[in-house]
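This report concerns only the one structure given below.
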Amino acid sequence: MTKVQVLLSTFNGEKYLEKQIESLISQKDLDIKIFVRDDGSTDGTINILSSLSDKYSDKIKILFGLNVGVVSSYFELLKQAPCHRRNIIDPGAPKRK
């Protein structure tokens, strides 16, 4: 089974967060681990993350922090997630021809 680690930084994402994480968890034939760092959310994001972490304690690790911005938040995740190889997917990156 393929092992995949997903790094996710959240900030006031309550509207789509649960659906997003449930979609990741439901992927077939993957051993998935999700590392989430909340960047100081002030909406219901933290409650949703806590609930999902309880539900999927073997798949989700949550880090809570102060608002440091998306770049610094991801660097914190990179420091915390044990990994041998990293592939970073940037949906805004130019497509290869």
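Could you list which residues have their amide H under 5 Å from that of ILE32, counting only those 5 or more apart in sequence or on another chain, with H placed in the peptide plane?
Sorted by chain and number, the residues that satisfy this are VAL4.
Could you work out how far apart the two model spin labels at GLU14 and SER26 are, taking each label as a point 7 Å from the Cα in the direction of the beta carbon, and quote it in nm?
Placing both labels 7 Å along Cα→Cβ, they lie 2.3 nm apart.
Here, each number is a calculation from the coordinates, and none is a lab measurement. Computed from a prediction, not measured in an experiment: that's the story for all the values here. Cβ: placed from backbone, ideal geometry, glycine included. Neighbour counts: every protein chain shown.
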